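Here's the structure, in structure tokens; my notes come after.
The values are calculated or read from the model by the stated rules, or taken from the named source; none is laboratory data. Computed from a predicted model, the values in this text were never measured in an experiment. Cβ atoms come from the backbone with ideal geometry, glycine included; neighbour counts cover every protein chain shown.
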Amino acid sequence: MRLPPWLGLLPALLTIAALFGGGLLLALAQSLGYWPALGRAVLSLDAYRAVLAEPSFWPSLTFTTWLAAVSTLASLIVGLFAALALNDSVLGQGVTRYLAQLNLPVPHAVGAVMVLLLFTQSGWFARLGTSLGWIDRPADFPILTHDPLGAGILIEYVWKSTVFVAVSVWAALQSIDPDYQLAARTLGASPWRRFSAVTLPLLRPALIGAATLVFAYTFGGFEVPLLLGQRYPSALAVLAYRDYVAVDLDRRPEALALSLLIAVVTGVVAAGGWWLQRRLAEEGGPRR
């Protein structure tokens with residue numbers, strides 16, 4: 001009797017499900033007030049009510065959504081055109097693939113430290129601008145870290161996510177039948193028309209998939225906003241962390257409730273992106 005291939009992965013899948021599912025259930029129980037170590041055994045939604053009533057929650061939600069939306073949009077635009085440039089590169093495929101994936105192994109925390117070293121008012125660019133006479137002193141350099149718009153956070157997210165988008169879109173470009181472009185060119189379509197009516201529709205599933213992952217990650221991101229963001233408003237994940245490490249243990253249920261709210265939002269975004277990606281993949285084909 002031949003066993004299905006996925007059966008060999010069952011032990012690993014069960015282990016992951018137990019660890020992840022167990023942690024999720026424990027967080028859910030504690031967010032609902034079930035904490036026997038503190039003498040609490042009555043379930044309630046008090047922590048969720050407290051989170052939603054917290055004055056810092058809504059500004060933090062707005063700031064987090066801003067970071068996720070802007071970084072996702074910028075990464076998509078830059079990554080798309082980077083993928084198109086890579087596809088037309090005169091370099092060999094091996095060299096191009098290596099250059100395209102150069103920063104993928106770099107952790108986000110390392111990227112955040114790099115932004116601190118380069119873009120602060122005491123950083124490398126500020127000192128370079130002063131030495132070249134572009135600014136009078138380093139303090140005249142624009143404030144790009146710990147600023148209200150989260151410019152430093154966006155720089156790091158876009159720098160890191162653009163490569164991921166470019167690689168994903170580039171892989172999709174390799175699977176496009178060149179006959180589509182040839183037929184459009186034969187019919188007299190301009191380069192822009194070929195891109196908008198042929199290439200872009202075929203790339204939509206890859207773009208949606210990449211956008212979903214980038215938005216979900218940046219919405220729940222922690223280390224970059226912690227290192228580069230201002231104190232208020234802070235990203236939701238940073239807000240949850242501060243509640244969790246607070247001396248007052250009564251803040252723990254609120255921290256877990258906030259973490260689960262972040263997980264729900266990213267789960268909904270992931271499910272919506274997966275559904276839309278599958279629908280676009282089923283439709284497929286260039287537009288008329």
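Descriptive notes on the structure:
- Flag for L280 being touching a residue at least 12 places away in the same chain (Cβ under 8 Å), assigned to a helix (DSSP H, G or I) and more than 21 Å from the chain's Cα centre (by Cα): yes
- Residue count for region 207-236 under the criterion of being surrounded by fewer than 21 Cβ atoms within 10 Å (Cβ to Cβ) and either over 23 Å from L80 (Cα atoms) or in contact with a strand residue (DSSP E or B) (Cβ under 8 Å, 6 or more places away or on another chain) (or both): the result is 8.
- Per-region count, region 243-253, residues without any contact (Cβ under 8 Å) to a residue 12 or more places away in the chain and basic (K, R): 1
- Residue satisfying condition, being within 21 Å of Y34 (Cα to Cα), touching a Leu at 6+ places or on another chain (Cβ under 9 Å), of a type outside the set (K, R) and modelled with pLDDT of 90 or more, within set L239, L228, L261: L261
- Being assigned to a helix (DSSP H, G or I), under 15 Å from A270 (Cβ atoms) and not basic (K, R) is a property that does not hold for A240.
- Of all the criteria given as (1) among the aromatic types (F, W, Y); (2) closer than 21 Å to R231 by Cα; (3) in a loop (DSSP other than H, G, I, E, B), the one not satisfied by W134 is (2).
- Taking each residue of region 142-154 that is without any contact (Cβ under 8 Å) to a residue 40 or more places away in the chain and of a type in the set (K, R) and looking for partners that are part of a helix (DSSP H, G or I) and exposed (fewer than 14 other Cβ atoms within 10 Å of the Cβ) with beta-carbon atoms closer than 6 Å, six or more apart or interchain, yields nothing.
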